[in-house]
Amino acid sequence: MTIVGRKIFMCSDFINDVDFIDLNYGGYGFDDAPIITASLPGHNVNIFASDVTRISARLNFSTKVTGIVTYIITESG
């Protein structure tokens with residue numbers, strides 16, 4: 001999907017008692033490391049991306065959580 005010329009990838013995944021998940025978006029052809037935003041509605045948890053490259057990243061949660069995490073990966077620039 002593209003929005004105003006930008007590549008964007010959106011997804012929701014069910015997670016169960018984890019404090020991180022690894023993302024692989026190499027098939028989407030980002031030229032540089034993208035911008036990643038994530039949310040976990042109904043949970044009071046901090047989420048941050050680490051090890052972000054143009055093909056993969058890790059989403060870290062401040063505690064082990066169970067629920068549906070939604071993330072958006074947007075082409076930077």
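The values are calculated or read from the model by the stated rules, or taken from the named source; none is laboratory data. What you see is a predicted model, and the numbers here were worked out from it, not measured in a lab. Cβ placement follows ideal geometry from the backbone for every residue including glycine, while neighbour counts extend to all protein chains displayed.
Summary of values
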{"item": "Criterion (within 9 Å of the chain's Cα centre (by Cα) and polar (S, T, N, Q)) met by exactly one of T70, T74", "result": "T70"}
{"item": "Among the candidates T37, T53, residue that is part of a strand (DSSP E or B) and of a type in the set (S, T, N, Q)", "result": "T37"}
{"item": "Any hit, segment 9-32, residues being touching a Pro at 6+ places or on another chain (Cβ under 9 Å), free of Cβ contacts under 8 Å to residues at least 40 places away in the same chain, surrounded by 14 or more Cβ atoms within 10 Å (Cβ to Cβ) and assigned to a loop (DSSP other than H, G, I, E, B)", "result": "no"}
{"item": "Test for I73: is it under 19 Å from F9 (Cα atoms), without any contact (Cβ under 8 Å) to a residue 24 or more places away in the chain, in contact with a strand residue (DSSP E or B) (Cβ under 8 Å, 6 or more places away or on another chain) and buried (at least 18 other Cβ atoms within 10 Å of the Cβ)", "result": "no"}
{"item": "Candidate set from segment 49-58 (those that are out of contact with any Lys or Arg (no Cβ under 8 Å at 6 or more places or on another chain) and not aliphatic (A, V, I, L, M)); member that is farthest from D31 (Cα to Cα)", "result": "R58"}
{"item": "Options D22, D51; residue that is at pLDDT 95 or above and more than 9 Å from the chain's Cα centre (by Cα)", "result": "D51"}
{"item": "Any hit, segment 59-77, residues being touching a Lys or Arg at 6+ places or on another chain (Cβ under 6 Å) and part of a loop (DSSP other than H, G, I, E, B)", "result": "yes"}
